[in-house]
Amino acid sequence: GREPTRNDMFAGSDNIDDANYDNVSDFKKVKPEKVLDIEGGVKFTAEKLKGNVNFFSMNFTNEIAAIGQLSYIGLPLRKNIKSSYRRGVEISVDIPLAKDVTFNAQAVISTNKIKEYFTEYDTTTYHNVEPLLTPKIVSNHSIHYTVKPWLTFSLTGRYLDRSYLDNTNNTNFTTPSSYVINASSTIQIRKKIIVTLMANNLANQKYYTSGYVVNGESNYFAMALRNYFV
């Protein structure tokens with residue numbers, strides 16, 4: 001279970017005052033959320049393979065869900081959705097490709113639905129729509145190369161499927177799918193000194209993983225272009 005937050009109860013307002021009291025004074029307007037999560041999986045180990053497969057089914061009642069809009073102070077607005085679910089499978093594998101080279105991957109493949117949804121700005125009822133910002137596929141995969149006991153290199157890819165920015169599944173309001181490649185290296189200089197070098201978004205892609213809708217337009221939070229860390 002999960003209780004509504006202050007922001008949920010105040011309908012996005014920072015405080016209660018004479019201007020908004022009539023709209024936000026009913027603190028039972030946003031009900032607590034309940035979820036029943038049923039999971040089952042298997043782990044397996046072979047000579048050259050380790051893996052895990054896990055199935056999940058999360059069934060929500062009165063989910064406190066984002067609606068794809070922000071309050072005047074920039075916090076996501078949320079409300080109760082009577083019935084929704086997230087169902088899918090999580091998969092992870094580790095495979096040694098050579099003596100000093102290892103490949104590993106993780107993926108989540110899911111089906112996510114809101115059974116019935118009403119907006120604040122029209123009279124349409126939407127049935128069996130995907131919740132906002134819930135991509136069907138998320139995948140991470142990487143190759144690790146141990147050159148010396150004190151030197152390693154890694155190359156990592158992350159795929160994120162497209163998702164919607166609101167709960168009406170309007171194709172005008174989506175985040176496009178993205179694939180980003182990162183690289184890193186660790187160097188052990190002394191027993192207690194390790195230097196890590198990171199180069200992220202090697203292809204220098206413009207991409208977005210989240211956002212919101214305002215005045216009928218998609219707004220995105222831009223992710224960083226190529227960047228480096230030491």
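The values are calculated or read from the model by the stated rules, or taken from the named source; none is laboratory data. Source: prediction; values computed, not measured. Accessible surface areas use protein heavy atoms only, side chains included; no ligands, DNA or RNA. Shrake-Rupley method; radii C 1.70, N 1.55, O 1.52, S 1.80 Å.
Things to note:
- Vicinal HN-Hα couplings computed from phi for region 43-53 (Karplus, 6.51 cos²θ - 1.76 cosθ + 1.60; Hz; Gly/Pro x): 10, 9, 9, 10, 4, 10, 7, 10, x, 8, 10
- Region 40-54-region 176-229 distance, computed between alpha-carbon centres (Å): 30
- When a 1.4 Å probe is rolled over the protein heavy atoms, the share of accessible surface on the chain that falls to carbon and sulfur comes to 56 percent.
- Accessible area (Å², per residue) of the chain, counting only protein heavy atoms and a probe of 1.4 Å: 63
- Set LYS34/LYS115; LYS31/LYS113; LYS48/LYS136; LYS34/LYS79 screened for pairs whose C-alpha atoms are more than 18 Å apart: LYS31/LYS113; LYS48/LYS136
- Of the whole protein surface, LEU49 contributes about 60 Å² of accessible area at a 1.4 Å probe radius.
- Cross-link partners of LYS206 among aspartates and glutamates (Cα-Cα below 20 Å; sequence separation of 8 or more within a chain): ASP161, GLU217
- Relative to its Kirkwood radius, the Cα radius of gyration of region 134-230 gives an Rg/Rh of 1.14.
- Annotation: ILE64 carries an accessible surface of approximately 10 Å², with a 1.4 Å probe and no ligand, DNA or RNA atoms counted.
- The tail of the calculated P(r) for the chain, taken as Cα-Cα distances beyond 25 Å, holds 57 percent of the pairs.
- The accessible area of LEU225, taken with all protein chains in place and a 1.4 Å probe, comes to roughly 80 Å².
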